[in-house]
């Protein structure tokens, strides 16, 4: 059977936006009979381990140097890569190597292994960090490090982007036609199985969902809470509740903010929840909210948060804020998902939340869910597997 090695960061469980993308790619390859080994490189594991994956793949975990010590990690990845190349080189089958970016080590090690084995090298790029890093000395050093990866991207048999604009940037930088776009998407079938409950929601409250990683301020959750507090002052405010779904170091500070604003009865921080519960929570919500800083760095403009696909699969209308023009704005308007605001004014965002909440009876959630099938993760994984199949049959 054909063989594929994946080099990636955190691989489910627990689920992350980046990890679940690879998870579905692996699932489809296994369904087609591929042997798959996932090399998980993450600081969230304390030591090396091996375990069976959910689809019969082998998952090998290796601790990764934390981002604070990333530059020391370069040396460590070199040592790991030399050991790995030596051991893998003894195999009789030539695997296809797939690396996800980030993390840095995934691409660095994956390329070296592919070079050693004479294998096809595929890069799945979910972030273009060099487009948004600031100008302080550490970030300048990081930008140099990240841009050094482009010489590896240029040697790949296939480069995968997650949006059309990011694909255009990569084509311009890398040249040639080997850049393709596969959106992040969501597993719409999981949500569709609960679609019959859409007409049975609690009409006493309008639950607003936010889904995201609470590890950094980039997701603007503090601004979302402040804006929600403004929305409570509107006529529809008496019926509003906010559910913040996610885990991370910021959760404690956000909980303190909720208490300080006297929102304890209206804002719930659920922490991390499993996929099945997440689907039910989103289906049971009435609308969703998401935001980004107004900074006009290129990555902020050409990318879209993966959680928007989850909201769409649940049939949720969305209030989104961020820079304009942007791909997120385009995506919201193209799919008629709700309101997009070019503002970080909590009063304006709050009034927009109230406006959408007031007009929910005019929105067809089933129609939003139908549009989500364009971005069904299972179909997107089939597209990925087709590319791998083509590489498998080429020298």
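A short reminder: the numbers here are calculations on the coordinates, not readings from a lab. Fair warning: this is a prediction, and the values are worked out from it, not measured in the lab. Positions of Cβ are backbone-derived with ideal geometry, glycine not excepted, and every protein chain shown enters the neighbour counts.
What the table shows:
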item	result
Taking 270, 307, 42 and counting other C-beta atoms within 10 Å, the order from fewest to most	270, 42, 307
Virtual spin-label span in nm between residue 94 and residue 116, 7 Å along Cα→Cβ	1.7
Choice from 254, 41, 128 showing the highest fluctuation, given a GNM over the chain with Cα pairs closer than 10 Å	254
Residues residue 196 and residue 371, FRET efficiency given R0 of 22 Å [Cβ-Cβ distance, rounded to 0.05]	0.75
Antiparallel content of DSSP bridges confined to region 188-374, in %, to 5	5
Between 0 and 90°, nearest 10: helix 164-174 axis offset from the chain longest Cα axis	30
Degrees between helix 104-117 axis and first principal axis of the chain (Cα, 0 to 90, nearest 10)	30
Residue-averaged [θ]222 nm for the chain, counting only DSSP H segments that reach four residues, each worth -39500 (n - 2.57)	-12500 deg cm²/dmol
Degrees separating the helix 137-147 axis from the principal Cα axis of the chain, which is the longest one	60
Mean separation of Cα contacts under 8 Å, 6 or more apart, over the residue count of region 188-374: relative contact order %	27
Order of 120, 55, 219 under a 10 Å beta carbon neighbour criterion, fewest first	55, 120, 219
Peptide ranges 366-375, 287-296 listed from the most packed, as the mean C-beta count within 10 angstrom indicates	287-296, 366-375
Relative contact order [Cα under 8 Å, 6+ residues apart], the chain, whole percent	15
Cα-Cα separations in the chain greater than 27 Å, expressed as whole percent	51
Approximate spin-label separation residue 172-residue 255, in nm, with each point projected 7 Å along Cα-to-Cβ	4.5
